[in-house]
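The values are calculated or read from the model by the stated rules, or taken from the named source; none is laboratory data. Quantities reported herein were computed from a predicted structural model and do not represent experimental measurements. Cβ sites come from the backbone with ideal geometry, for glycine too, and all protein chains shown count toward neighbours.
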Amino acid sequence: MLRRNVLANVLGGSWAALLALILIPVQVRILGVEAYGLLAFLASTQVLFSIFDLGLSPTMTREVAKDVSADLAPTRDLVRSLSAVYWPIGIVLGAAMFASAGWLATHWLHLGSLPIDRAAAAIRFGAVAILLRWPVSLYSGVLAGRQRFDQLSALKAAVATVTALGGLAVLLVTRDLLAYMAWTALAAAIEVGGYVALLTRVVPDLIGPPSTRVMFDRVVWAFAAGMGAITLLAMVLSQSDRILISKILPIEVLGYYALAYNLVFGLSLVQTLVQSALFPAFVKFNAAQALDDLRERYGTATQAFMYVYNLPIWLFVFFGHDLLSAITSRSTADHAAPILAVLAIGFLFNAATALSYTVSTASGNTWLPIRVNVAAVVGYVPLLIFLTVRWGGVGAAVAWLALNLYYLPTMLREVHRRILGIDSLKWMRWNFLPFVGAGILVFGAGKVIVLVLGVGNPVALVVAIAGCLAYVVLGYGLLGVPLRRQIAQSVTDARLRRLVVWSGRT
């Protein structure tokens, strides 16, 4: 079931990420870098608002995953009770942002040539979308806890398809920012409707009063408080760069930074999907005190993760300018490519520690990430301000890289030592450094070839594609034997399923 959950989650999420990536160059070309910077500000605001989730979504997943009752009464009580808290929070946040749209456009953002009235109207549409989309995180937590990742993945893919294709059509027909933002609000309504429909199928009879037991359950709220603190710190660390840039630099700079960030952030979405698929399984292993099983799953997952993740990271580092030139323009690439290269390495370090965080929270240990992130905030925020003021977008990217490098000797090492009981240096030798070396070797060699030949697009892109194929082969050879066997077995199973389907049709 674990492999199926991870695969379903990754496939659905990867499709959504791919559609979002395809839409980025269209947004930049049609709306312009300044308008794209405004879209990035709205996206960051929506993510920042997840502070007010108060840890309820991961709490929902953890508690639902523990529910083994036949009638799902505990899950039903939990959904009713937490929804009674969750919906009003979203309404207040959406209303507050709607009311402050004029102030944000006038006093916070440096809009350049973008008219203030149009920016304020776009922010109001964004506020409506945030309000409507607010409960999606909570409902996703229920579905993840029930391990209905196949249905959840299908819903995510369907919503992403409708949102992206509709947005593309609106952009091509109207070429107007406000029309696009109006579609974003409508798409949010479609999305939340889909989640409500699926949730009522998975957990029927949800209409009813909140449960007194849940509302005063100290264990539930203690875990939620811990996760809320983690979320608060994570939002400060992950969103401060764009919020700071939006305040002190022209919105055009935010557009370049957001373009680079969103390209590599698509990988982070896949990372999040893998984490959410593994979280219920890690919870069960911890509850059963099956430490050997937890170590095995963690080791296999991290090695597979690093194998997959290093390919796009080093592609962005060495061929980012060529890719950006192909999908936007050379001028845009000149500004965004240095930011992309630095951010990509930062995201690699972030991915290396991602599953250690999942292990920590699945074991109920919320104090460890809180302690690590409190120290991170103290050092990161002043560094971010200094480097952004001094070097602009590239400076903010350097601060992001330094932050994620810090997690290796802190978060990663402490989880390995305290919870998993494994040696971090040995983990680095087997699961991290080989794939980093393979990526640098293959794509670095490709870049040298391009520079020696003195060629640009499209030859550089052909060399980049060849580098991807070379990395797939080289990296596969670096995987452990058990993981290679699992991959081979998965391929064999897929072929057998296709054969059975084909035989049934004939």
Seminar exercise, completed: Given the conditions (1) under 30 Å from ARG295 (Cα atoms); (2) in the same structural domain as GLY346 (by TED's automatic domain parsing); (3) in contact (Cβ under 8 Å) with a residue 60 or more places away in the chain, every one holds for GLN486 apart from (2)
For this session: Could you tell me which numbered condition ALA445 fails, if it satisfies all but one of (1) surrounded by fewer than 17 Cβ atoms within 10 Å (Cβ to Cβ); (2) modelled with pLDDT under 95; (3) among the hydrophobic types (A, V, I, L, M, F, W, C)?
Result: (2)
Exercise. Given the structure, is LEU294 touching a residue at least 24 places away in the same chain (Cβ under 8 Å) and in contact with a helix residue (DSSP H, G or I) (Cβ under 7 Å, 6 or more places away or on another chain)?
Worked result: yes
For this session: Go over the candidates PHE279, PHE265 one by one and state the one that is modelled with pLDDT of 80 or more, outside the structural domain of SER50 (by TED's automatic domain parsing) and crowded, with 18+ Cβ neighbours inside 10 Å.
Result: PHE265
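To keep it simple, each residue is scored yes or no on (1) at pLDDT below 95; (2) surrounded by fewer than 20 Cβ atoms within 10 Å (Cβ to Cβ); (3) not in a helix (DSSP H, G or I).
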| residue | (1), (2), (3) |
| --- | --- |
| VAL378 | yes, yes, no |
| TRP391 | yes, yes, no |
| ALA399 | no, no, no |
| ALA402 | no, yes, no |
| ARG417 | yes, yes, no |
Exercise. Given ALA70, ALA95, which one is of a type in the set (A, V, I, L, M, F, W, C), surrounded by fewer than 21 Cβ atoms within 10 Å (Cβ to Cβ) and part of a helix (DSSP H, G or I)?
Worked result: ALA95
For this session: Can you confirm whether the range 27-37 contains a residue that is surrounded by fewer than 22 Cβ atoms within 10 Å (Cβ to Cβ), among the basic types (Lys, Arg) and modelled with pLDDT under 85?
Result: no
Exercise. Which helices (runs of 4 or more DSSP H) sit wholly inside the range 107-182 and have at least 3 residues that are among the basic types (Lys, Arg)?
Worked result: 116-133
